[in-house]
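The values are calculated or read from the model by the stated rules, or taken from the named source; none is laboratory data. Small disclaimer: the values here were computed from a predicted structure and weren't measured. We work out accessible area using only protein heavy atoms, side chains counted, and drop any ligands, DNA or RNA first. Shrake-Rupley method; radii C 1.70, N 1.55, O 1.52, S 1.80 Å.
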Amino acid sequence: MIVSILKEIAPENRVSILPEQIDALQKMHVEVWVEMSAGEKAHATDNGYLLKNVAIKDRTAILQSSDIILSINGLTPNDLAHIKPGTVLLGVFQPLFNAALMKHYAERNLTVFSIDMIPRTTRAQSMDVLSSQANIAGYKAVLLAADLYPRYFPMFMTAAGSIPPAKVLILGAGVAGLQAIATARRLGAVVEVFDTRPAVKEEVMSLGAKFVEVEGAADATAAGGYAVEQSKEYQQKQQKKIFEAVGKADIIITTAQIPGKKAPLLITEEMMLNIKRGSVIIDLAAATGGNTPHTHNNKTIDYNGITIVGNSNLAATMPYDASKLYGKNILNFLQLIINKEGAFVANFEDELVKGCCITYDGDVVHDKIKVLVDSAGVLE
Ligand code: NAD
């Protein structure tokens with residue numbers, strides 16, 4: 001069986017598997033092909049792959065002959081014209097936002113595993129790409145903010161005068177938010193945090209940040225630990241507290257997302273007027289609409305002296321480590337769908353395999369995506 005690593009399309013810098021991880025893939029008794037210059041932007045050369053005895057191929061050859069294709073992002077329309085029916089695709093396809101595309105893949109008889117849909121269980125942790133990449137995004141968000149902020153992060157008392165520590169406000173304490181807290185604390189900032197999930201309070205406090213509580217959050221236990229939409233009453237209470245917090249903040253890092261939905265607007269127009277000039281907002285929820293009214297995805301803008309960076313793929317700015325961690329997640333998942341003889345198996349008794357299998361045998365098979373495909377004629 002041929003397992004291939006596709007070159008990502010710009011501006012993506014990562015690659016699914018690095019040369020140093022090829023041995024682990026070959027141990028699964030498969031033949032490995034890599035698209036020419038696939039690892040270039042992650043500082044992995046074709047020669048690095050060649051030293052591992054893999055075949056370097058052009059894109060068309062890979063599409064026409066592979067059994068499993070590893071591609072972080074979706075395929076181009078041109079790729080679809082060449083791909084062999086029955087091919088297995090494994091990547092991060094965000095099917096909750098791309099149901100029509102998933103239907104199209106099913107019609108082309110492609111089997112799609114979207115690893116961003118893997119259940120957030122203890123067993124899935126080693127395959128959890130959202131976590132491995134969000135961790136990098138949280139770290140990088142703080143470094144980017146420190147670079148753009150026209151003042152110091154740590155407190156200084158010098159002969160030339162005193163500098164107070166920067167105040168960092170973090171909205172959303174998921175994987176990215178928690179890493180942002182840790183990084184901002186390491187740089188000496190004072191950190192305040194909001195999240196709708198009270199369960200996260202202890203983690204926030206153990207990292208040395210203040211957790212701002214808003215009473216009456218909707219119960220999210222049935223949502224697999226993810227956030228759910230909040231009542232109007234809760235939103236009003238939260239907005240009042242965030243209004244006060246943004247007025248004091250120098251750096252704001254927003255990470256709040258709700259799977260399959262537009263990101264909540266946490267910083268309103270009125271709050272924007274309360275933010276100090278020179279402040280920096282890093283919005284990691286930019287791809288799903290952003291947490292501010294002025295976020296533009298993949299753009300940095302100046303809004304009345306406030307810098308707003310909209311970037312949901314900061315992991316790609318550290319392509320080597322991001323690829324390394326992503327690759328390890330993928331290798332762990334491949335062990336569930338490749339048997340000892342090196343052949344593809346789809347064991348739908350396994351909740352992790354079932355949880356991220358979107359299309360199979362010509363159909364959309366994932367319950368949530370099926371509902372989206374069936375309910376929305378607009379998705380055609
Ligand atoms: P995410 O990217 O979906 O959201 C980021 C954070 O924003 C979350 O903490 C969320 O609660 C928060 N948020 C959403 N709406 C908000 C609002 N209106 N106001 C304030 N905050 C808001 O989150 P994530 O990092 O992907 O983590 C999601 C869940 O998965 C968490 O419970 C996390 O602990 C859990 N998780 C489990 C595992 C595992 O066991 N395998 C691994 C990683 C994460």
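Summary table below
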read-out	value
Exposure of THR111 as accessible area (Å², to 10), given a probe of 1.4 Å and all protein chains	10 Å²
Square roots of 5 times each gyration tensor eigenvalue, C-alpha, the stretch 133-317, largest first, Å	25, 18, 16
Accessible area, probe 1.4 Å, largest first, for residues PHE344, PHE153	PHE344, PHE153
Vicinal HN-Hα couplings computed from phi for the stretch 251-258 (Karplus, 6.51 cos²θ - 1.76 cosθ + 1.60; Hz; Gly/Pro x)	10, 10, 10, 10, 9, 6, 9, 10
Debye equation applied to the C-alpha atoms of the stretch 21-176, log10 I(q)/I(0) at 0.13, 0.20 Å⁻¹	-0.82, -1.35
Cα pair distances of the chain binned at 10 Å [whole percent]	5, 22, 29, 23, 14, 5, 1, 0
The stretch 318-380, accessible surface, carbon-and-sulfur percent (1.4 angstrom probe)	52 percent
Amide H within-cut-off set for TYR303, under 5 Å, with H built and near neighbours excluded	ILE308
Amide proton proximity set for ILE282, modelled H, under 5 Å, gap of 5+	ILE252, ILE253, THR254, VAL309
Stokes-Einstein D in µm²/s, Kirkwood radius over Cα pairs - the stretch 144-211 at 20 °C with 1.002 mPa s viscosity	171 µm²/s
Backbone HN-Hα couplings from phi across the stretch 167-178 [Karplus 6.51/-1.76/1.60, Hz, Gly and Pro as x]	9, 10, 10, 10, 9, x, 10, x, 4, 5, x, 5
With all protein chains modelled, accessible area of ARG185 [1.4 Å, Å²]	100 Å²
With DNA, RNA and ligands ignored, accessible area of LYS324 (1.4 Å probe; Å², nearest 10)	90 Å²
Square roots of 5 times each gyration tensor eigenvalue, C-alpha, the stretch 298-362, largest first, Å	39, 16, 8
Percent antiparallel among DSSP beta bridges (both partners in the stretch 206-334, rounded to 5)	40 percent
Residue-normalised accessible area of the stretch 133-317, expressed per residue, 1.4 Å probe, Å²	48 Å²
Extension gain, LYS84 back to LYS276 (0.36 nm per residue minus Cα-Cα distance, nm)	63.6 nm
Violating pairs (Cα-Cα greater than 18 angstrom) within the set LYS57/LYS324; LYS167/LYS276; LYS140/LYS262; LYS7/LYS27	LYS57/LYS324; LYS140/LYS262; LYS7/LYS27
Phi-based couplings in Hz for the stretch 303-312 (Karplus 6.51, -1.76, 1.60; Gly and Pro marked x)	10, 6, x, 9, 8, 10, 9, x, 8, 9
